[in-house]
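Worksheet: one structure, shown below.
The values are calculated or read from the model by the stated rules, or taken from the named source; none is laboratory data. Just so it is clear, the model here is predicted, and its values are computed rather than measured. As a convention, Cβ positions derive from the backbone with ideal geometry for all residues, glycine included, and neighbour counts pool all protein chains shown.
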Ligand SMILES: *Cc1c(COP(=O)(O)O)cnc(C)c1O
């Protein structure tokens, strides 16, 4: 049975992409080899990575003064690479200032890691209300090496409703769970990074989009694998890149382009999210804890209204189990926040959202 997979990541991929990858598994482009078997420096692999980069540049409108890097280590390694390359001092532990906005667990982790290399200033936080909104973004401090935000907060289901103004301080953003979900003006950012396994492809590849002038500031003690300048100079081939993941990302981008690109997918994403939020807002059992202006299009947490905790837990456990039996899988909320969450990334068809709403209406009817 093919299911509707609401996992936050690794997550649903477009079916035509999986089918194409299957058809090309043992022989891609008439080379007689699987992509997994190719030398990353071969003439057979070169067009694959080049196509992925060209499509990403085209779809996101990445200006020519930005480098695109395909790295490993997930978004989590960027939590270290960003401060190491932009703020770390000549000796470990004595770094420049960097501002962070705390909008959830990933933002908090990013700041915590940065504090090992930089003088981190948490400018604002929405922790006071369980991260259910995005706080106003204060101006950067003078001398900030950069200003970090998490654009879409995968666990709590919030998203920045606008790009904050940071003047000449480079804005750095984790866009792991919203890359290519809506148009984004890349030129407003110094660095954008995303783990692939939410909206781009399989786990194991991290995309980094970095403005040229931010490359080359890592102190001498920075490990080679963690230096943007080395990866940029070698076109992501300093060591073996995640070859197969880059190939799948290329197929996903091709699928997205054929669909009409980012504007077209954004329209679909808004339609899917509107359907789901309007159901939640009208339900007598379920609700969204997130304040309206900041609701994510990609990750939608929801809870039941039961007033005692035991009843709530019982309902939510039963919901996740009964939904799975109907082929609506991975609807449990993050282990740290509980409740439920539907992740409806680019590859989730609108029929999946409709099927989920139908199931929820029935569940609500019988409680
Ligand atoms: C999933 C996620 C991460 C962690 O990604 P890894 O690739 O597992 O390191 C970081 N930030 C955000 C916003 C995420 O959604």
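Before moving on, here are some points about what is shown:
- Meets criteria (away from the ligand (no atom under 11 Å from the Cβ), at pLDDT below 95 and part of a loop (DSSP other than H, G, I, E, B)) for residue 92: yes
- Exclusive hit being in contact (Cβ under 8 Å) with a residue 60 or more places away in the chain and surrounded by 21 or more Cβ atoms within 10 Å (Cβ to Cβ), set 198, 123: 198
- In region 71-89, of all residues being more than 16 Å from the ligand (Cβ to nearest atom) and surrounded by fewer than 24 Cβ atoms within 10 Å (Cβ to Cβ), the one that is modelled with the lowest pLDDT corresponds to 89.
- Taken as a whole, the condition of being in a loop (DSSP other than H, G, I, E, B), out of contact with any strand residue (DSSP E or B) (no Cβ under 8 Å at 6 or more places or on another chain) and away from the ligand (no atom under 16 Å from the Cβ) does not apply to residue 20.
- Identity of the residue in region 274-292, under 21 Å from residue 182 (Cβ atoms) and touching a strand residue (DSSP E or B) at 6+ places or on another chain (Cβ under 7 Å), that ends up surrounded by the most Cβ atoms within 10 Å (Cβ to Cβ): 290
- Out of 218, 224, 233, sole residue that is buried (at least 18 other Cβ atoms within 10 Å of the Cβ), more than 22 Å from the chain's Cα centre (by Cα) and either modelled with pLDDT of 95 or more or closer than 25 Å to residue 154 by Cβ (or both): 218
- Condition check for residue 80: touching a residue at least 12 places away in the same chain (Cβ under 8 Å) and part of a strand (DSSP E or B): no
- With respect to the stated conditions, residue 248 fails to be under 15 Å from residue 178 (Cα atoms), modelled with pLDDT of 95 or more and surrounded by 16 or more Cβ atoms within 10 Å (Cβ to Cβ).
- Residue, surrounded by the fewest Cβ atoms within 10 Å (Cβ to Cβ), within region 1-17, restricted to residues that are assigned to a loop (DSSP other than H, G, I, E, B) and touching a helix residue (DSSP H, G or I) at 6+ places or on another chain (Cβ under 9 Å): 2
- Only residues that are without any contact (Cβ under 8 Å) to a residue 40 or more places away in the chain and over 23 Å from the mean Cα position of the chain (by Cα) were counted in region 325-350, giving 2.
- First in region 90-117 and on the phi > 0 side of the Ramachandran plot, second anywhere and part of a strand (DSSP E or B) and within 13 Å of the ligand (Cβ to nearest atom), Cβ under 6 Å, 6 or more apart: 104/153
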